[in-house]
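Following: one structure in structure tokens, then a few remarks.
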Amino acid sequence: MSRLVLIDGSSYLFRAFHALPPLTNAAGEPTGALFGVVNMLRSTLKDKPDYVAFVLDASGPTFRDAMYPQYKANRPPMPEELRAQVQPMRQIVEALGFPLLCVEGVEADDVIGTLAVQAAQQGMDVTISTGDKDFAQLVRPGIALINTMSGSRMDSVETVMEKFGVRPDQIVDFLALMGDTVDNVPGVEKCGPKTAAKWLGEYGTLDAIMAGADGIKGKIGENLRAALPRLPLNRDLVTIKTDVALEGGPDTLAMRERHVEQLRELYARYGFHQALKELDGGAAPAGVAETEPGRARGTGRVSAPSSRATEAVDPALSAPGEYETILEPAQLLAWIARLQAADEFAFDSETNSLDPMQADLVGLSFSVEPGKAAYLPLAHDYPGAPAQLDRRLTLQQLAPLFADAGKKKLGQHGKYDLHVLRRHGVDVHGYRDDTMLESFVLNSGSGRHDMDSLAKRCLGYETIKYEQVAGKGAKQIPFSQVALDDATRYAAEDADITLRLHRVQAPRLAAEAGLEQVYRDIEMPLVPVLASIEANGVSVDVDELRRQSADLSKRMLAAQQQATELAGRSFNLDSPKQLQALLFDELKLPVLVKTPTGQPSTNEEALEAIADQHELPRVILEYRGLAKLRSTYTDKLPDMVNAQTGRVHTSYHQAGAATGRLSSTDPNLQNIPIRTDDGRRIRRAFIAPPGRKLVACDYSQIELRIMAHLSEDPGLVRAFESGADVHKATAAEVFGRKLEDVTGNERRAAKAINFGLMYGMSAFGLARQLGIARGEAQDYIALYFSRYPGVRDFMERTRQQARERGYVETVFGRRLYLEYINQGTQAQRAGAERAAINAPMQGTAADIIKRAMISVDAWLADHRERALMILQVHDELVFEVDADFVPTLLDQATGLMSAAAQLSVPLVVDSGVGQNWDEAH
DNA sequence: AAGTCGACGTAC
DNA sequence: GACGTACGTCGACTTC
């Protein structure tokens, strides 16, 4: 059988250029790529093929350019050092006797594809020599692929599968999904070989993937759906043609005569000593560097990919704005006049940090009319930056405007800006509207509430992303170094879009009186309260935390040594994956719990379940507990202490939880341990400074009380009115005991039922929680509902309302829309029902404590020197108080908290006082 | 190097 | 499939 070798010359040239060090010959001419190609050609010759072709791209456009004008548009021009090697390469190729093909209007890939298929049909044995993975689509009986640079060979379905995880006939789909940056063919964002192969494994073909795109979850699913329209084109672009018209067939490609003298000359000129020696009859090992190292070559610049246009919902609101940069005093005065005259103005600040307690103010932007905005740069500092208005003086000029409560201001997540301005000497009053909170109150559950998302969702407007002006990752520059025109486009847009969003959302709120009230009476007044809590911060005993870290480390090490001994080898205790292999594969312990993805779980429940069969699980549990405390708390909290204030300042996210709860980050101070002794010790590090005390006030059983109120169940209401321990009272009711006869176990069961019900728990869940049979759990629940029929009715009512209206609401009218209550899978609907039951209770509790915070803060306004509100933990407020002021604060705080809502049961507030947070409980 | 996901565990 | 709402850390994996 005759053999044909088709060499992808362009691919080798590029790859050799980039893979090999920048070599030069004695005359300084670049030779690196040439050297690589020559080595490849010589190794091809050793196989003595009957037919061979060295194929190069021609210069002109091809059918792919017609199909997709941006094809290869990103490609930088060929570097000069490489261009210089093309002509010598052609000379060497021809001197060696290789037929050289370069067909105008057809890419080398398609020439190779066509010849390969023709030859295979004629019964030839074809080898394509290339560094380009795209050719894997041509592998079939009679056509193999080799890459002489990596030495790999693909000649069967199996070898392609091994390399890419897909069959040769799937390669085109595979490439279409991934796209090709070099050729400027965008695929699915974040979809690389692994993801593409995974999908093709599941769905088989690109068409099937596209049809099933809605079923793919997560970020990557979104990316896939966004890329859908262009995938068929991608497929066409990456498909190698096998039917182009060529002048000669494979049988015209016999090796030509070799021109030894020309070769000798060329090898000598470029310093290929080994090749030269070989030419004269000596055997030469390949792959040894034959030229002297030369100077480094320059790198080509890659231009940025073009941004994609998005369609507008409303042309007026999604049109680009006209923005101005304020650099002159006269401009500033004109804008101040405009702001003064406006009914309400939007503003935004630009800074050097995401941390509002550290951020340095770089500029401010303003807008009073949609589409018109100005950026006032105050601290841009880069070579060639224009002179800017003096920051201190300018802020002084603006301060009266910000301080005037009568001048209404609007922002997006303005709490951040309030912090920054306050830290630069500007107090803001009259912060009247916030587009993030408008969106949150209008529909807390649907999507994010950041400005980029809102602009897109509400206005169909695609904002300039921070990364576009400041870069990201290692290349990110501080905003102060962003060029003024970029900064203006970005910053002024923020103010402009904020105003536009308000124009859209305010009428929507006004149309719903209940929501308007939640927004106006709860969320907006809370903004400055949260800002003040965050600014206050909490004092942390760093030395205490360090001591605890050291102690935990010691005990972790002991547990680790013990674990290594028990396992008989060392392993990473922090890795669930390694743990799983050890426990269930090596030690053959039974798998009793699985993770949601079906893997054997190593969580606490799973380890407890096998703790009686081996000593190791117990030791792992010990280690886990210690590691959690150290890594999350005792090691990290000291790093969070603010250098200027010496305190820890959390951030509360007001639009964080769909139910209306706050959440806390950087650090999260709402999940400091309390249940175990080791964990609780961490609370001792949250301290009051000398002369002060920490006071903690928490609502007693607030969610259960709300359940009593909402259900109006006489039994439950009575239990709370009597002031009894509600879990004990429940146990007495459910188990038919006198209050004093209730056992500890019965109380525990009753407590589990009480909590479980609020979360929509089933008999299955309760059984698991209590470690009892499912039937028994069902009996408990039935008994519970017979004693508290109002609760059962309330829950059914709530489900019903959710299904009919699509949302549930709190006592104060806050809504939670439930997308899946009437659609989706059974599991999704069941989940939505549980959320529907829980949200009115959790949400009402959130409303109540927010109202309390507002009224307590109002009272505290006159006592700022004596007491500070410093933490909120869902049902608890923590204060730092002068020791002699404690009684006054206790009286006021508990009183105002109790009075924050009038329910049909009393709102009881417990409190404690201590030198640290642990003592205050 | 950076982003994402899953597993795990802390709080209420 | 089975208990609601959050956030942080870690390892593993993937992309760039």
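The values are calculated or read from the model by the stated rules, or taken from the named source; none is laboratory data. In this text, all values refer to a predicted model and were calculated from it rather than measured experimentally. Heads up, the Cβs are rebuilt from the backbone with ideal geometry, glycines too, and the neighbour counts pull from every protein chain shown.
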Review point. Out of the residues in region A:599-634 that are within 11 Å of DNA strand C (Cβ to nearest atom), surrounded by 16 or more Cβ atoms within 10 Å (Cβ to Cβ) and without any contact (Cβ under 8 Å) to a residue 60 or more places away in the chain, which is farthest from A:Arg547 (Cα to Cα)?
Key: A:Arg624
Point to revise | Matching residues, region A:178-196, being on the phi < 0 side of the Ramachandran plot, within 16 Å of DNA strand B (Cβ to nearest atom) and touching a residue at least 24 places away in the same chain (Cβ under 8 Å) | key: A:Thr181, A:Gly187, A:Val188, A:Glu189, A:Cys191, A:Pro193, A:Lys194, A:Thr195, A:Ala196
Review point. Do you know which of the residues in region A:437-452 that are assigned to a helix (DSSP H, G or I) and farther than 20 Å from A:Glu467 by Cβ is farthest from DNA strand B (Cβ to nearest atom)?
Key: A:Glu438
Review point. For region A:308-410, which fully contained helices (runs of 4 or more DSSP H) count at least 1 residues that are touching an Asp or Glu at 6+ places or on another chain (Cβ under 6 Å)?
Key: A:391-403
Point to revise | Exclusive hit being acidic (Asp, Glu) and buried (at least 17 other Cβ atoms within 10 Å of the Cβ), set A:Glu809, A:Glu819, A:Glu796 | key: A:Glu809
Exercise for review: Give the residues of region A:470-482 that are buried (at least 16 other Cβ atoms within 10 Å of the Cβ) and either over 15 Å from A:Ser353 (Cα atoms) or within 13 Å of DNA strand B (Cβ to nearest atom) (or both), sorted by residue number.
Suggested key: A:Ala470
Review point. Is region A:364-375 home to any residue that is of a type outside the set (Gly, Ala, Ser), under 27 Å from A:Val529 (Cβ atoms) and out of contact with any Cys (no Cβ under 9 Å at 6 or more places or on another chain)?
Key: yes
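Quick check on region A:654-663: of everything there that is among the small types (Gly, Ala, Ser) and within 10 Å of DNA strand B (Cβ to nearest atom), which residue is nearest to A:Ser446 (Cα to Cα)?
The extreme case among them is A:Ala657.
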Check your understanding: For region A:671-701, how many residues are more than 16 Å from DNA strand C (Cβ to nearest atom), outside any helix (DSSP H, G or I) and basic (Lys, Arg)?
Key -> 2
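Looking at A:Ala627, A:Ala609, can you tell me which residue is near DNA strand B (Cβ under 9 Å from one of its atoms) and aliphatic (A, V, I, L, M)?
After applying the criteria, what remains is A:Ala627.
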Point to revise | Subset of region A:663-697 (residues that are surrounded by 22 or more Cβ atoms within 10 Å (Cβ to Cβ) and either within 30 Å of A:Ala832 (Cβ to Cβ) or within 29 Å of the chain's Cα centre (by Cα) (or both)) | key: A:Leu669
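Check every one of the helices (runs of 4 or more DSSP H) wholly within region A:712-786 and list those with 1 or more residues that are within 16 Å of DNA strand B (Cβ to nearest atom).
Numbers: elements: A:714-721, A:726-735, A:744-758, A:763-770.
Of the helices (runs of 4 or more DSSP H) lying wholly inside region A:712-786, those with at least 1 residues that are within 16 Å of DNA strand B (Cβ to nearest atom) span A:726-735, A:744-758, A:763-770.
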Point to revise | Cβ-Cβ under 9 Å pairs, at least 6 apart or on other chains, region A:756-770 side of a type in the set (D, E, K, R), far side part of a helix (DSSP H, G or I) and more than 13 Å from DNA strand B (Cβ to nearest atom) | key: A:Arg768/A:Arg774; A:Arg768/A:Ala777
Check your understanding: Say we look at region A:93-113 and pick out the residues that are in a helix (DSSP H, G or I) and small (Gly, Ala, Ser); which of these is farthest from A:Phe135 (Cα to Cα)?
Key -> A:Ala95
Review point. Does region A:686-709 contain any residue that is away from DNA strand B (no atom under 15 Å from the Cβ) and assigned by TED's automatic domain parsing to the domain that holds A:Asn838?
Key: yes
**Study point:** Residue satisfying condition, being in contact with a strand residue (DSSP E or B) (Cβ under 8 Å, 6 or more places away or on another chain) and either free of Cβ contacts under 8 Å to residues at least 40 places away in the same chain or within 16 Å of DNA strand B (Cβ to nearest atom) (or both), within set A:Leu637, A:Leu587
**Key:** A:Leu637
Review point. Taking A:Glu865 and the conditions (1) without any contact (Cβ under 8 Å) to a residue 24 or more places away in the chain; (2) in a helix (DSSP H, G or I); (3) out of contact with any Gly (no Cβ under 9 Å at 6 or more places or on another chain); (4) more than 16 Å from DNA strand B (Cβ to nearest atom), which numbered condition does it fall short on, given that it satisfies the others?
Key: (2)
